[in-house]
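Report on one structure; see the data block that follows.
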Amino acid sequence: MTEHNPNFREDVQGFLAMVNSLPAPDALVPEEQRIGYLAMKQMIEADPRDLAVIRDLTCPGPAGDIPVRFYDVRAERGPSPAIVFFHGGGFVIGDLDTHNALCTELSAQLDLPVLAVHYRLAPEHPFPAAPDDCEAAARWLAGSPAELDRTITGLVTIGGSAGGNLATVVARALCDKPAAAPMLLQVLLYPCTDESQDGSMETFAEKHLLTRVVMDWFYSHYKPESGHPRAFPLYASAEGMCPSIVVTAGLDVLQDQGRRIAEKLVAAGVDTLYLHMAGLTHDFSTTRKALPSAAAATDKVIAAMKLMLMKV
């Protein structure tokens, strides 16, 4: 990368230089990567917002209780939509703590309750454990469970990377077989959607935060079924999907995968807003302390969510 490369924002260029200067691990071990991912988020992500309600709970799932965390900027509220959030991390790493600050930001800025879901992770629990847990949690939330003391009138699914994959898989399932509250909006942040190995996967394969080697490592543990629409949602029908926001980052191996699912939604006549954040890396919405431009881009996504929710 050159000193004045126009494809890189100035803060991103410095951030990547720092990341790329770190020694590579001798081997990728799931438990070590989980610890490292959390430690990295604590350094580069914005501080969490103070909210009236932040409560750890569980909800019933297909293989036992699923850990969830409930957020609300208000101590009490009348009937309202709710956001169900699925964390990223390649289906292998990530948890309720790695994306805690972003969930507080969503609740504070959107004035809505948020339920974050810690689905089962691979390699201990390969595909389809993650989408099965996420769908179960979304249906539970839609039923206005007594533990939340809220009447839920509709759902917004959102997640980044693997979480973006899960957000659209769950939205598809709830559009096909509606839950107790309807799907209102899906928000896919730099999602992984297909099995492609070309295009942006080649262009940004190295030295742009998320690498092709790491993506291959994630999938080697997740073991998604080739061609399965709950593993690779580009294979799913887009007909009748809820309104959608798709966000891609300009320096991301998954850029083309996000663009393709946006194109498919538009071709199917789905009300779709596509946002491309040029010059930003994968996972920018959880690098807001390190990257002022990422914080600004995240605010743009949240503003777009407000706009789309005004129409439902």
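General observations
- Compared with the dominant principal axis of the Cα atoms in the chain, helix 162-176 is inclined by about 30°.
- Note on LYS311: lysines with a C-alpha under 24 Å away, same-chain residues under 8 apart excluded, are LYS177, LYS264, LYS300.
- With the charge dipole of the chain set up from +1 on Lys and Arg Cβ and -1 on Asp and Glu Cβ about the Cα centre, the Cα lying farthest toward the positive end among the listed residues VAL301, LEU102, TYR219 is that of VAL301.
- Modelled this way, with points 7 Å down the Cα-to-C-beta line, the labels at LYS177 and MET18 are 4.6 nm from one another.
- Of the GluC sites (Glu not before Pro) in the stretch 1-85, the ones in a loop by DSSP (not H, G, I, E or B) with at most 14 other beta carbons within 10 Å are GLU3, GLU76.
- Estimated from helices alone, the mean residue ellipticity of the chain at 222 nm is -11500 deg cm²/dmol (sum of -39500 (n - 2.57) over DSSP H runs with n ≥ 4, per residue).
- Checking (i) 5, 20, 24, 17, 16, 13, 4, 0; (ii) 6, 28, 35, 22, 8, 1, 0; (iii) 6, 30, 38, 21, 4, 0 against P(r) over Cα pairs in 10 Å bins from 0, in percent calculated from these atoms, the matching label is (iii).
- Computed from point charges on the beta carbon alone (+1 for Lys and Arg, -1 for Asp and Glu), the dipole magnitude for the chain about its Cα centre is near 720 Debye.
- Expressed in Å, the radius of gyration and Dmax of the Cα atoms of the stretch 1-70 are 18.5, 52.
- Kirkwood analysis of the Cα pair distances in the stretch 200-312 returns a hydrodynamic radius of 15.4 Å.
- Distant-in-sequence amide contacts of THR58, defined by a placed amide H-H separation under 5 Å and a gap of 5 or more residues or a different chain, comprise VAL68.
- Cα shape, the stretch 1-152, gyration tensor, a/c 1.5 rule: oblate
- Karplus-based coupling profile of the stretch 37-48, in residue order and whole Hz: 5, 5, 4, 5, 4, 5, 8, 10, 8, 5, 5, x, with θ = phi - 60° in 6.51 cos²θ - 1.76 cosθ + 1.60 and x standing for Gly or Pro.
Here, each number is a calculation from the coordinates, and none is a lab measurement. All values derive from a computational prediction rather than experimental measurement. Because the Cβ atoms are built from the backbone with ideal geometry, glycine has one as well, and the counts that use them run over all protein chains shown.
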